[in-house]
Amino acid sequence: MSENQDSQAEFADQPPTNVARVPTLLLLDTSRSMDQKTKDEDGNRRPKIDQLNEGLKLFKQEIDDDFKAERAVDISLVTFGGDVSVEQEFSEIEDWQPPNLSASGGTPLCEALVKGANHLRDHRNDLRDDKVPLKKALVWVLTDGRPTDDRGSKWDKAQTVVEDGTEDGELLFYAVGIGEEANMSKLEDLASAAPDESKVNTFQLESGMFKEFFRIVSESAQAQSEGGDAEEADDNLTQQ
């Protein structure tokens, strides 16, 4: 038996409660601009929201195909398009089915970040109460525009979420803009609230690179499941 097979067998023998969980929170822009068409990776013009939905299916497939990640990753989706919604509660990846999202409204990114952080905190507390081991959570923001709630107390609360979460060592924060209309300066300002810049990162992808985004998210979750550093995924993303 190979070393990798030995590792998988040892991992499989662990009861589910002994497998360290990797909470993965996706904060996804579903504002009206996501209904616009752009070229996908194959050069076909399609609504961005359709490409996002396809990317979620790819993420599911890639985690399912990774033995350790499939047993370790917990996934939750928060969408922000007009309203902010916990679209899907945290669940183990094997029980998770990608939703079919639609686009409408503005871009309340700050409200989504605060709501998502509270949701993540509750999930982590539940796991601790059940004596389930935890790894750092992975929090990903994906947007094609700029926040429509980036002033006053909402902006301050969003920065506090990034500051407190990374300072406590409980999460890694990634803010990703997709397409030329993504306001990267706002995402960078948001990430700058973290006292340790190694725990946050901002990236920009070309329009239509939704599948590539979810490939990177899955690589990050796989690395965290393996016990490696999820930040290894950063280099792949910055090369786009």
Taking R46, is it surrounded by fewer than 22 Cβ atoms within 10 Å (Cβ to Cβ) and either modelled with pLDDT under 95 or part of a helix (DSSP H, G or I) (or both)? no
Just need a number here: residues in segment 92-118 that are part of a helix (DSSP H, G or I), farther than 13 Å from V139 by Cα and of a type in the set (G, A, S). 0
Are any of the residues in segment 56-65 in contact (Cβ under 8 Å) with a residue 60 or more places away in the chain and under 22 Å from N183 (Cα atoms)? no
I'd like to verify a number: residues in segment 29-56 that are among the acidic types (D, E) and touching a Ser or Thr at 6+ places or on another chain (Cβ under 7 Å), how many? 1
Quick one: which residue in S31, S91 is out of contact with any Asp or Glu (no Cβ under 6 Å at 6 or more places or on another chain), polar (S, T, N, Q) and within 20 Å of K154 (Cβ to Cβ)? S31
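Conditions tested, residue by residue: (1) touching a Phe, Trp or Tyr at 6+ places or on another chain (Cβ under 8 Å); (2) farther than 25 Å from G208 by Cβ; (3) not β-branched (V, I, T).
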| site | (1), (2), (3) |
| --- | --- |
| T107 | yes, no, no |
| L113 | no, no, yes |
| R124 | no, yes, yes |
| P133 | no, yes, yes |
| A137 | no, yes, yes |
| W155 | no, yes, yes |
| V162 | yes, yes, no |
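In the set G169, G145, which member is surrounded by fewer than 18 Cβ atoms within 10 Å (Cβ to Cβ), small (G, A, S) and not in a helix (DSSP H, G or I)?
G169
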Filter result for the condition that a residue is farther than 28 Å from D35 by Cβ and assigned to a loop (DSSP other than H, G, I, E, B), over A193, A182: A193
Within segment 191-219, which residues are among the aromatic types (F, W, Y) and touching a residue at least 60 places away in the same chain (Cβ under 8 Å)? F210, F213, F214
Can you tell me how many residues within segment 49-82 are at pLDDT 95 or above and of a type in the set (F, W, Y)? 2
Across (1) in contact with a helix residue (DSSP H, G or I) (Cβ under 7 Å, 6 or more places away or on another chain); (2) modelled with pLDDT of 95 or more, E206 clears everything bar (1)
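Please find, among T38, T24, the residue that is among the hydroxyl-bearing types (S, T, Y), touching a Lys or Arg at 6+ places or on another chain (Cβ under 7 Å), under 22 Å from I216 (Cβ atoms) and part of a strand (DSSP E or B).
After applying the criteria, what remains is T38.
With the structure loaded, tell me whether L138 is of a type in the set (A, V, I, L, M, F, W, C) and either at pLDDT below 95 or assigned to a helix (DSSP H, G or I) (or both) or whether it fails that test. Even if it seems obvious, please write down each step before you answer.
Values: of a type in the set (A, V, I, L, M, F, W, C): yes; either at pLDDT below 95 or assigned to a helix (DSSP H, G or I) (or both): no.
Taking the combined requirement at face value, the residue does not satisfy it.
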Read through the list (1) touching a residue at least 60 places away in the same chain (Cβ under 8 Å); (2) outside any strand (DSSP E or B); (3) surrounded by 21 or more Cβ atoms within 10 Å (Cβ to Cβ), then give the number of the only condition that V161 fails. (1)
When you scan segment 83-100, do you find a residue that is at pLDDT 95 or above and β-branched (V, I, T), even just one? yes
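The values are calculated or read from the model by the stated rules, or taken from the named source; none is laboratory data. This is a predicted model, so every value here is computed, not measured. No Cβ is skipped: glycine too gets one built from the backbone with ideal geometry, and neighbour counts run over all protein chains shown.
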